[in-house]
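Visitor: Take this structure first; my questions come after.
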Amino acid sequence: MLANAPETGTGYGPAVMTGVDRAIRVSTAVAVLAVAGVAAYVSYWHAYAVVCAHGETGITARLEPATIDGLVYASSMVNLYAARHPLPVPALARWLLALGIVATLAANMAQGWSHGPVGHRGLARGQPGGQL
C-alpha cells in the first residue's frame with residue numbers, strides 16, 4: 001500500500017522499503033552512474049581534442065573541458081536543491097545549465113566534424129554515421 005513518505009511528503013513510494021525496493025534503487029543508481037561516467041569520459045576527451053586543435057596546451061588544455069562539466073554539475077545541484085525544498089529555481093541556475101548543455105554539445109559536435117559526416121571509424125567499417 002502506498003502512503004506519504006514521512007521524510008519527503010511527496011506521496012511516492014512505499015512507506016516501508018523492502019529488499020526488492022532497495023535492490024531496484026541501488027541497481028538504478030549503479031546504471032545511471034555507469035552511463036554518466038562513460039558519457040563524462042567521452043565528452044571530456046572530445047572537448048580536450050577541440051581545445052588542443054585550437055592551440056591550447058598543458059594545464060589549460062587539461063582543465064578547460066572540466067569547466068564545462070563543472071558548470072553543468074553546479075547548476076544541476078542548485079536545481080536539485082530547489083526541487084527538494086519548496087524553493088523556486090533561480091533563473092541564473094536554469095540559464096547556466098542550458099549554457100553548459102549547449103557548450104558540451106558544441107564541443108562534442110566540433111570534435112566529430114573533424115572526421116566528416118560519417119567519421120573515420122564508421123567509414124572503415126562501412127557503417128552510416130548515426131549507427132552505433
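What follows is calculated from the coordinates using simple rules that are stated; it is not laboratory data. All values reported here derive from a predicted model rather than from experimental measurement. When we count neighbours, we look across all protein chains shown, and the Cβ atoms used for this are built from the backbone with ideal geometry, even at glycine.
Visitor: Over segment 39-112, what lengths in whole Å, largest first, do the semi-axes of the equivalent ellipsoid take, defined as the square roots of 5 times the eigenvalues of the alpha-carbon gyration tensor?
Guide: Result for segment 39-112: semi-axes of 28, 11, 10 Å.
Visitor: If I model a spin label at residue 73 and residue 115 as a point 7 Å from the Cα along the Cα→Cβ vector, what separation in nanometres do I get?
Guide: My value for the distance between the label points is 2.6 nm.
Visitor: Please report the net charge: other residues with Cβ closer than 14 Å to the Cβ of residue 110, K and R +1, D and E -1.
Guide: Local charge sum for residue 110: -2.
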